[in-house]
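What follows is a short report on a single structure.
Values quoted throughout were computed directly from the atomic coordinates according to the rules given, and no laboratory measurement underlies them. The structure displayed is predicted, hence computed values, not measured ones. Neighbour counts run over all protein chains shown; Cβ positions are idealised from the backbone, glycine included.
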Amino acid sequence: MSRFKTPTQIAKDINKTIKPALAYFKPPEKLYVDEWADKYRVLSPESSAEPGPWRTTRTPYLKEPMRAFNDPKVHTITMVAGSQIGKSELQLNIIGYIIDQDPGSIMYIQPNLEAARKFSRQRVAPMVRDSKKLNKKVHNTKSRDSGNTILQKTFPGGILTICGSESAAALCSTPARYVIGDERDRWAVSAGNEGDPWSLAQARQTTFYNRKSVEVSTPTIKGESNIETSFLLGTQERWCHKCPCCGEYTNIVFDHVRFNYESHVIKGKEFFDINVLGFACPHCGAITPEHEIRKQPAKWIAENPSAYDTGRRSFWLNAFSSPWTPWEKIIRKFLEARKDPEKLKVVFNTLLGELWEDRGDLADEDEMLNRREDYHPEYLPDGVLALTCGVDVQDNRLEYEIVGFGLYGETWGIKKGYIMGRPDSSEVWQRLDDAINHVYHFRNGKGLKVTITCVDSGGHFTQDVYEQCRLRMNRCVFPIKGKGGEGIPFVGKPNKVFIKGDKKRFVWLYSLGVDAGKSIIMDNLRVQEPGAKYCHFPTNEDRNYDLNFFSGLLSEKLTLSKTKSGNRWCWVKLPGHRANEALDCRNYALAAFRIWDPDLTAIQERLLGTQVQRTKVVHKAKKRVTKNRLLDGSDW
């Protein structure tokens, strides 16, 4: 028998020795976050309603945010989402991927230290235990030499630090390639005395060219939400479903869901029988049942795609996309909370996935925009019998609104204007003359001018306002001085005011109880149908009744506040509304009408050229009961 090996035998020996070595040095597989999760992530029974292997197909809307993490151009990802949607699983999948595939230092931030410990015990530890890939790399915290604690997890190539937003020491001490922030809107305003926690955390990433930031939260209060600000800086993507009838893609929100319900009270508690009709497409009006719309194709659609070039992607989700939340549950929660603002706030934030703005029963800007009407571009609307103007004086401009008044308190917005320039310049007042001296015609050829104008004199240009109003006194242009507080009459008696102490030059100054005027305006805005007290607004672009106008008109809310002398009602500015000039202008125009106090019936006779029959009861006001209505048309 030959002692020399044949070529076949030599090849077999090589395979036995070389192949295992090559396998050892085999480069790691390159996976996306969602692919890694599908292959290795296991959902734990302590925290999941569906324990077992992770399936991205169960929550397809999470695939794109996870893929964004692997995009080298993206350095900041923002996710705004309600409850039971999977935003925590998004973060856990990213943490697991980092540990196994792309190790580096991770700073994971919760609102406070207690929430950080809870998250570590209830979410991170079970994930590491049940996912074999992670279990091999993150040792048990009970091991003496593991180097791990509840708030720190070491692994080959990195360390996971879990902390609270109030902890300045944790946020300032450790460099981190990855920063992940959970429930951003519930963070401390300042980490000790060091300032904004998110800015402190991101400062830890300065030296990393391949840094990644992930910011996640349910939305909270409009204008005070940090996650809203971050979302607006990004691509502003929303999860949109395809309508099976017209093919258009739409982000499903509460306004698009149609339902009927019946309520009954048993032992003082209200119960509801709800029939969900389905999704009403805003493009074609077709109603698609819930189970059908869930089967339709869906995709992320960006409102600000150019933000991708700056490295920021942002996503917004609500519970209507969640596979675990039936629409009936959302509607039921809404109906149960509709009479309690605090409960309703929770429903808006956690289920509807919307920012909360407490207006009581007052409409919001979007609703007011939808109420606008097409005015004829050349003629006054029918029903207008008198015109007044309210002017708000700012340091760099005059803002004004011309308002038309009809019978029984019905009003029409005619023109919202801006005259740029300092109020001590005669040019801006000449341009105001052009607006208030203009003849606004009806179809029959007759017309109206602004009869009375009220100008705010409470700013930095009081004497200039007095002088300009004196020059226009023959045209009924009067300065006004507003005063807030309960019990102050809307329009007081005028006082003679001398200009710069010169007794030869004076104006008549009216004092206004501005809070009383705001109450009248807000009550009128609640009226839903044209007629007595209804407020009309035009869609015509040149009249400037846009989102900015309605944001200012709806900028304040009557609130019961505690003071040293007791509780009192006062008007406070709503979060997110920086300017209230539109509300002030409307208030001054209404005051001008009250100062004038015209006989509108007589004006109507002159305009129509006919005699209006007069009786003892000129008008019997139709009793109006204005109720909030649900989307299906039934009363609350």
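A few notes on this one:
- Ranking of 163, 245 by neighbouring Cβ atoms within 10 Å, starting from the fewest: 245, 163.
- Farthest toward positive dipole pole in the chain [+1 Lys/Arg, -1 Asp/Glu at C-beta], among 257, 85, 459: 85
- Entries of 133/153; 87/242; 269/339 with Cα pairs more than 20 Å apart: 87/242
- Gyration tensor (alpha-carbon) shape descriptor, the chain, a/c threshold 1.5: prolate
- Extension gain from residue 569 to residue 483, taking 0.36 nm per residue of separation minus the Cα-Cα distance: 29.5 nm
- Under 14 Å, Cβ to Cβ, from residue 208 - net charge with Lys/Arg +1 and Asp/Glu -1: +3
- Net charge of Cβ neighbours under 12 Å - reference residue 228; Lys, Arg +1; Asp, Glu -1: -3
- Partners of residue 500 within straight-line reach, counting aspartates and glutamates whose Cα lies under 13 Å from its Cα and excluding those fewer than 8 residues away in the same chain: 464, 467.
- Cβ-derived FRET efficiency at R0 56 Å, residue 287 paired with residue 150, nearest 0.05: 0.65
- Taking N as its residue count, the alpha carbon Rg of region 288-424 over 2.2 N^0.38 Å: 1.59
- Pairs beyond 28 Å (Cα-Cα), from 73/329; 39/345; 343/557: 73/329; 39/345
- With 30 Å as the limit on Cα-Cα distance, the pairs of 30/132; 333/518; 415/483 that go past it are 333/518.
- Whichever aspartates and glutamates have a C-alpha closer than 13 Å to that of residue 222, once near sequence neighbours (fewer than 8 apart) are set aside: 185, 354, 357, 358, 364, 365
- Shown in residue order for region 321-337 are the 3J(HN,Hα) couplings computed by the Karplus curve 6.51 cos²θ - 1.76 cosθ + 1.60 at θ = phi - 60°: 9, 6, x, 9, 10, x, 4, 4, 5, 5, 5, 4, 4, 5, 5, 5, 9 Hz (x for Gly and Pro).
- Mean separation of Cα pairs under 8 Å and 6 or more residues apart, divided by the residue count, gives region 368-608 a relative contact order of 24 percent.
- Simple Cβ-charge dipole of region 368-608, Lys/Arg +1 and Asp/Glu -1, about Cα centre, in debye nearest 20: 900
- Other residues lying with their Cβ under 10 Å from the Cβ of residue 513 contribute a combined charge of 0, Lys and Arg counting +1, Asp and Glu -1.
- At full extension, residue 422 and residue 439 could sit 3.5 nm farther apart than now, given 0.36 nm per residue minus the alpha carbon distance.
- Cβ-derived FRET efficiency at R0 41 Å, residue 505 paired with residue 346, nearest 0.05: 0.10
- Take the Cβ atoms of residue 498 and residue 471, set R0 to 22 Å, and the FRET efficiency comes out at 0.90.
- About its Cα centre, the dipole of the chain is roughly 1680 debye, where the only charges are +1 on Lys and Arg Cβ and -1 on Asp and Glu Cβ.
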